[in-house]
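Visitor: For reference, the structure I am asking about is given below.
Taken together, the values in this text are just the output of simple stated rules run on the coordinates, not laboratory data. Because the structure is predicted, anything quoted here is derived from the model rather than measured. Ideal geometry is used to build each Cβ from the backbone, glycine not excepted, and the neighbour counts take in all protein chains shown.
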Amino acid sequence: TGAIVGEGETSRKHLGNMSSQQGLNMLTVAPMFHIMLEPCLPFLLPGIALLARLRWFITHVLEWRVIPNAVPVIPLPYLREISYVSLGEMFMILPLVIWFFHGYSLSFNDGDVDKSGQLASYALFMTFLTANKTNSLVSFFLGIPFERLIPIHMFASVVAILLGFFHTSASFTFGGDIDGDSIYSSFGPKPDLGRFLVDGRTNVTGSLLVLCMIFTVALSVFPVRRFFFEVWLYSHIIFAITTILLCLLHGITTVVFVLLWLVFDWVVRYVLMANCRYQAKAELLVLMGSVEGAEKVVQITLPKKPFGFAYSAGQFVQIAVPAISRFEFHPVSICSAPHEQQVTFRFRGLGDWTNKLLEYAAENETCSIMMEGPYGSVAVDLNDHKRYQTILMVAGGIGNTHCESVGKSILHEHYTEGRPLTKLRYVWAV
């Protein structure tokens, strides 16, 4: 784990002084757009810098922390673990809350089967669109990084399931399906909820759709992701595709647009990036702890130049090692700074995959890797050189990789570009 805190004055001159390079760094939050614009960068730099200024103005407002600045953290088991919620994230959560209560009213008070189903589909669309990485419009225009979208993705999936239950209840109580009213509905001659759920194509696909979403969420809880990563990964992919197919069979044809955008994201990540652009040979080094019982860490290093890999300090990538598994990608923070000629990552042995990587690195000095990214961003706008001149960095264990990248980048800007820096303090708890 790692955290960065900055203090300093706010400078509106930052908008006018933002360089084209800083504008390019902001594009790396959604790397697909960076890759698409790369051939035309010499001609687009003024426009990109203008876009960066505009987006900085928007994100500067949206980054204001509603929790805990305006609303204190509620001391409940899950809520008290929330460090902050920004205004931009609240804008994304608010529609889901509105859909939930409106869907409840439509399902149980108004008996509007069609509209209750539409709201369930909206929440499902939000679930898919917050799972995009390379082409996330939310990250590109609002600057909300992928890792901050994950809780919204999880919340949207739960809301979609609940709205699916509401829609099912409304269908059973007030109507049948597009194939005709079911004889097993509550007002039919043979009311039977169990038979109603499997009566006709619409009811069958709707029931399977809700079950599919329930299984997806159940297999995404932290213990499954932590100890059975492959189960989570492959079930997520299979259930995501199954959910889209069931949507089409259920009559939700607008899901085609979500499917195309999702497939575009997968093509960029796994074909363009992992198999074409960022497939490389990397050096392996096992780092041994100086204290008895210390955990081993494997370091992966590769040159940056041949691939034109652009990233910002504090970002992460997803890496697959074909010698271990060609289809299993794991997130890892970049611990090198953007100005360095080599890109460096470090893994600590925590699970099956990382322990296999340690074993492989003990016997081999090089390996082939497949990489996609970069993703994410630092929680505070460190591009604002005037605003953050006193910086405290606190890291625990392997979490120092994130802070190392940011710290080296800030020092480089201070010594080579004259970035104002009063103090930078680095605390690493091992």
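Visitor: Per residue of segment 333-340, what does 6.51 cos²θ - 1.76 cosθ + 1.60 with θ = phi - 60° give for ³J(HN,Hα)? Whole Hz please, x for Gly and Pro, Karplus curve as stated.
Guide: Per-residue couplings from phi come out as 6, 7, 9, 8, 9, x, 7, 6 Hz.
Visitor: Please work out the C-alpha center-to-center distance from segment 409-430 to segment 328-379 and express it in whole Å.
Guide: 24
Visitor: With respect to the cross-link table entries Lys305/Lys423; Lys305/Lys386; Lys133/Lys281; Lys133/Lys305; Lys304/Lys423, which display a Cα-Cα separation exceeding 27 Å?
Guide: Lys305/Lys423; Lys305/Lys386; Lys304/Lys423
Visitor: Would you please state which residues of segment 394-408 a label at Arg425 would reach in this model, taking the label point 7 Å out along Cα→Cβ and a backbone N cut-off of under 11 Å?
Guide: Zone members listed by number: 394.
Visitor: Another one. Taking +1 at the Cβ of each Lys and Arg and -1 at the Cβ of each Asp and Glu, which of Ser405, Met371, Leu392 sits farthest along the dipole of segment 347-411 towards its positive end, judged by Cα position relative to the Cα centre?
Guide: Leu392
Visitor: Taking a spot 7 Å from the Cα of Tyr415 along the direction of its beta carbon, which residues of segment 320-338 have an amide N less than 16 Å from it?
Guide: 336-338
Visitor: 7 Å from Cα along Cα→Cβ at both Thr173 and Arg225: what's the point-to-point distance in nm?
Guide: In this crude label model, Thr173 to Arg225 measures out at 3.4 nm.
Visitor: Now a separate question. Using a cut-off of under 14 Å, list every residue of segment 351-380 whose amide N is near the label point 7 Å from the Cα of Val61 along the Cα-to-beta-carbon line.
Guide: none
Visitor: Given just the C-alpha atoms of segment 97-232, how large is their convex hull per residue in cubic angstrom?
Guide: Spelled out: Cα convex hull of segment 97-232, divided by residues, is 125 Å³.
Visitor: Using only the Cα atoms of segment 235-348, build the gyration tensor, take square roots of its eigenvalues as a ≥ b ≥ c, and label the shape rounded, prolate or oblate: rounded if a/c is under 1.5, else prolate if a/b is larger than b/c, else oblate.
Guide: Because a/c hits 1.5 or more and a/b exceeds b/c, segment 235-348 counts as prolate.
Visitor: Please give the length that would be gained between Phe257 and Ile183 if that part of the chain were fully extended, namely 0.36 nm times their separation in residues minus their C-alpha to C-alpha distance (nm, one decimal).
Guide: Extending this stretch completely gives an extra 23.2 nm.
Visitor: Estimate the FRET efficiency between Gln341 and Met36 by the formula 1/(1 + (r/R0)^6), using the beta-carbon distance for r and 41 Å for R0, to the nearest 0.05.
Guide: 0.95
Visitor: What FRET efficiency comes out for the pair Leu193/Phe108, r = Cβ-Cβ distance, R0 = 25 Å, nearest 0.05?
Guide: 0.95
Visitor: Report the Cα centroid-to-centroid distance between segment 181-252 and segment 100-177 in angstrom, as an integer.
Guide: That distance is 14 Å.
Visitor: Any chance you could run the full-extension gain for Val267 through Gln279? It's 0.36 nm times the residue separation minus the Cα-Cα distance, nm to one decimal.
Guide: Length difference between fully extended and current span is 2.8 nm.
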